[in-house]
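The structure under discussion appears below in the form of structure tokens.
Since every read-out is calculated from the coordinates, none of them should be taken as a lab result. From a predicted model like this one, the values you see are computed outputs, not experimental measurements. Cβ placement follows ideal geometry from the backbone for every residue including glycine, while neighbour counts extend to all protein chains displayed.
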Amino acid sequence: MRAPMTLKGSVRLRAELDELKSVRRPAVIQAIAEARAHGDLKENAEYHAAREQQGFIEGRIKQLEAELSHAQVIDVAALNAGSKVVFGAIVDLADIETDEEKTYQIVGDLEADIKLGMIAISSPVARALIGKHEGDTITIDAPAGQREYEIVGVRYES
């Protein structure tokens, strides 16, 4: 099964991949060459740090290439799900007890970033939301116990 990904997430991840390949990879190769020029590699911290950084960059490039090649890119703006929560939905939730509001977008696993309010389709919160409608109440098991939220808004934007 192909993993779903929003069009916006696909564009963002392709930009990251381009930056890794065209900016960060050449920079780390240059750093390794400069560190090599300093002589003895056994005790050369700059060399070891640059090699470690190169490993992270190459690993991320491989991960992004693999995920992007197998992703099912979905244009969220083209979805016509109305008030029903499906992949790509931006959902406004209100905590029943505190009236505190939160907004999340349900996205693919690779593009999820809780700091940006983007939660993975595989997360417990997203699984509780999928298939529900505006006005429904959901219960989420949180570390502090169960929390009840009302779905106050559902929208789809590109």
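Key figures for this structure:
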{"read-out": "Within the range 1-70: Cβ-based charge dipole about Cα centre, in debye rounded to nearest 20 (Lys, Arg +1; Asp, Glu -1)", "value": "380 debye"}
{"read-out": "For the range 3-74, fraction of C-alpha pairs farther apart than 14 Å, in %", "value": "64 percent"}
{"read-out": "Inter-centroid distance (Cα atoms) of the range 2-22 relative to the range 51-75, Å", "value": "9 Å"}
{"read-out": "In sequence order, calculated HN-Hα J values of the range 105-118 (Karplus, 6.51, -1.76, 1.60; Hz; x Gly/Pro)", "value": "10, 8, 10, x, 4, 5, 8, 4, 7, 4, 5, 9, x, 9"}
{"read-out": "Residue order, fewest to most beta carbons within 10 Å, for 91, 28", "value": "28, 91"}
{"read-out": "Net +/- balance of residues flanking residue 51 in space, Cβ distance below 12 Å, scoring K and R +1, D and E -1", "value": "-2"}
{"read-out": "Sum of -39500 (n - 2.57) over DSSP H runs of 4+, divided by residues of the chain (222 nm, nearest 500)", "value": "-12000 deg cm²/dmol"}
{"read-out": "Bins of 10 Å, starting at 0 and running to the largest distance - Cα pair percent for the chain", "value": "10, 30, 23, 17, 12, 6, 1"}
{"read-out": "The chain, dipole about Cα centre (Lys/Arg Cβ +1, Asp/Glu Cβ -1), debye to the nearest 20", "value": "740 debye"}
{"read-out": "By average C-beta atoms within 10 angstrom, highest first, the peptides 138-144, 44-50", "value": "44-50, 138-144"}
{"read-out": "Ranked list, fewest to most other Cβ atoms within 10 Å of each Cβ, for 5, 118", "value": "118, 5"}
{"read-out": "Distant-in-sequence amide H partners of residue 79 (H built 1.01 Å from N, under 5 Å)", "value": "none"}
{"read-out": "The chain: angle of helix 25-37 to the longest principal axis, Cα-based, in degrees nearest 10", "value": "30 degrees"}
{"read-out": "Of all DSSP beta bridges in the chain, antiparallel share, percent nearest 5", "value": "75 percent"}
{"read-out": "Gyration tensor over alpha-carbon atoms, the range 76-155, equivalent ellipsoid semi-axes in Å", "value": "19, 15, 10"}
